[in-house]
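Shown next, in structure tokens, is the structure this report addresses.
The values are calculated or read from the model by the stated rules, or taken from the named source; none is laboratory data. Please read these numbers as outputs of a predicted model, since none were measured by experiment. A quick note on method: Cβ atoms are made from the backbone with ideal geometry, for glycine too, and the neighbour counts reach across all protein chains shown. Each accessible area value is taken on the protein alone, full model and side chains, heavy atoms only, with ligands, DNA and RNA left out. Shrake-Rupley method; radii C 1.70, N 1.55, O 1.52, S 1.80 Å.
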Amino acid sequence: MLAAGVLPVPAAHAEDPPAFLGAAGQFMLIRPLKKAPFAAVDDEKGKPVDLARRLEGKVVLVNFWATWCAPCVTELPTLDRLQGELGSDKFEVVAVSVDLKGIEKVGPFWKEKGYKHLAIRLDQRGTMMKAFGTRGLPTTFLVDHKGNVVGYLEGHADWASPEAKALMRYYIERAK
């Protein structure tokens with residue numbers, strides 16, 4: 001993931017963050033750290049959003065998903081709850097749709113599901129998804145307040161669980 005020479009490792013040392021398990025695997029730490037390859041994505045109006053500038057100094061959970069991906073649809077409500085509970089000037093969940101039809105597909109889906117805390121972000125060309133080295137959907141990356149990708153999870157998870165919140169708080173507390 002991300003680049004050659006980057007090793008995913010499970011949390012194992014006392015200074016490591018709390019462990020977190022998704023439905024298909026464990027949250028994997030990345031060593032050495034690499035800068036997040038943020039790219040511009042579109043908002044619900046088709047306007048570009050410069051994520052690197054907008055998210056500077058925040059801990060960010062970046063989730064790649066699509067409306068046709070059943071595990072993605074399962075985990076999106078938990079991402080919405082996580083953003084509602086922990087979203088602040090120090091933390092943000094960014095759910096990036098890679099649907100090829102963009103807002104034409106995502107807009108009605110979003111309205112139907114009633115998400116209240118997540119902003120619509122669209123990566124129709126998959127530019128940012130490819131830059132992150134995403135191999136499948138859903139995949140979620142955690143970026144620290146310095147802009148480094150610290151770990152990832154492939155597959156869906158309950159991001160509103162106490163374990164997920166403990167992982168987020170571990171990094172949020174270090175952003176002070």
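Do we have residue 76 as in contact (Cβ under 8 Å) with a residue 60 or more places away in the chain and touching a strand residue (DSSP E or B) at 6+ places or on another chain (Cβ under 9 Å) here? Can you show your working first?
On the way: in contact (Cβ under 8 Å) with a residue 60 or more places away in the chain: no; touching a strand residue (DSSP E or B) at 6+ places or on another chain (Cβ under 9 Å): yes.
Spelling it out, it is not the case that residue 76 is in contact (Cβ under 8 Å) with a residue 60 or more places away in the chain and touching a strand residue (DSSP E or B) at 6+ places or on another chain (Cβ under 9 Å).
Suppose the filter is assigned to a loop (DSSP other than H, G, I, E, B) and of a type in the set (Phe, Trp, Tyr); does residue 115 pass it? If you could, list the steps in order and put the result at the bottom.
Values: assigned to a loop (DSSP other than H, G, I, E, B): yes; of a type in the set (Phe, Trp, Tyr): yes.
The answer is yes for residue 115.
So in region 136-175, with the set limited to residues that are modelled with pLDDT of 95 or more and basic (Lys, Arg), which one is nearest to residue 46 (Cα to Cα)?
Filtering region 136-175 for residues modelled with pLDDT of 95 or more gives 136-173.
Those still in the list that are basic (Lys, Arg) too: 146, 165, 169.
Numbers: 146: 28, 165: 31, 169: 32 Å.
The selected residue is 146.
I want to confirm something. Restricting to region 84-118 and keeping residues that are open to solvent by 10 Å² or more (accessible area, probe 1.4 Å) and among the aromatic types (Phe, Trp, Tyr), which single residue is farthest from residue 135 (Cα to Cα)? Reasoning before the result, please.
Filtering region 84-118 down to residues open to solvent by 10 Å² or more (accessible area, probe 1.4 Å) leaves 84-90, 92, 98, 100-101, 103-105, 107-118.
Restricting the remaining residues to those that are among the aromatic types (Phe, Trp, Tyr) gives 109-110, 115.
Values: 109: 24, 110: 24, 115: 26 Å.
Ranking the candidates gives 115 first.
Identify, from the list 125, 121, the residue that is of a type outside the set (A, V, I, L, M, F, W, C), surrounded by 18 or more Cβ atoms within 10 Å (Cβ to Cβ) and farther than 18 Å from residue 171 by Cβ.
On the way: 125 fails: surrounded by 18 or more Cβ atoms within 10 Å (Cβ to Cβ).
The match here is 121.
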Within region 30-83, which residues are small (Gly, Ala, Ser), assigned to a helix (DSSP H, G or I) and either more than 14 Å from residue 113 (Cβ to Cβ) or open to solvent by 80 Å² or more (accessible area, probe 1.4 Å) (or both)?
52
Taking region 137-165, which residues are under 13 Å from the mean Cα position of the chain (by Cα) and either farther than 23 Å from residue 90 by Cβ or hydroxyl-bearing (Ser, Thr, Tyr) (or both)?
137, 138, 139, 140, 152, 154, 155, 156
